[in-house]
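No lab work stands behind these numbers, since they all come straight from the coordinates. Everything numeric in this text was worked out from a predicted model, so none of it was measured. Cβ atoms come from the backbone with ideal geometry, glycine included; neighbour counts cover every protein chain shown.
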Amino acid sequence: MSECLFCKIVKGEIKANKVFENDSVCAFEDINPQAKVHLLFINKQHTCNVNEMNEAEIGQVFKAIAEFTTSNNLSKSGFRVVTNTGPDACQSVFHAHFHVLGGEQLAGFGS
Ligand code: 5GP
Ligand code: ZN
């Protein structure tokens, strides 16, 4: 998808602070962080949202999240993974992405 913002980040046509990359996945800092650590994990292959991803792609992205959070000391204190899908969830970029939030105490859903 030549027009897609996150495809352009994958190709290096738009700058982002990349923190992780392998053959199928990359991760970069969100431009408008909602927590001390706010990263976006994406498959390099374009899909519009999680429901378009196949099992292999979902596995690749969660494996990358596990690898990154384990080796960067996030998994011990904890982190949150969010994927907004469609208008009710306010999805604004239509390249499937997984927000990884952490680095501080996050609010609970009931608070
Ligand atoms: P959504 O609202 O679709 O779940 O999340 C899209 C995310 O992409 C937002 O958190 C927004 O801050 C982030 N974002 C939008 N444009 C850019 C950009 O050009 N660079 C980076 N690094 N993040 C972006
Ligand atoms: Zn894309």
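Here are the numbers:
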item	result
His38, sole failed condition from (1) out of contact with any strand residue (DSSP E or B) (no Cβ under 9 Å at 6 or more places or on another chain); (2) closer than 25 Å to Ala107 by Cβ	(1)
Residues of segment 81-99 that turn out to be farther than 19 Å from His46 by Cα and surrounded by 11 or more Cβ atoms within 10 Å (Cβ to Cβ), as a count	2
Qualifying residues in segment 1-55 (those that are free of Cβ contacts under 8 Å to residues at least 40 places away in the same chain, within 11 Å of ligand 1 (Cβ to nearest atom) and of a type in the set (Val, Ile, Thr)) - the one surrounded by the most Cβ atoms within 10 Å (Cβ to Cβ)	Ile9
Boolean, Cys90 is of a type in the set (A, V, I, L, M, F, W, C), out of contact with any Asp or Glu (no Cβ under 9 Å at 6 or more places or on another chain) and in contact (Cβ under 8 Å) with a residue 40 or more places away in the chain	no
Whichever residue in segment 45-74 is farther than 26 Å from Cys90 by Cβ and in a loop (DSSP other than H, G, I, E, B) and, among such residues, is nearest to ligand 2 (Cβ to nearest atom)	Asn72
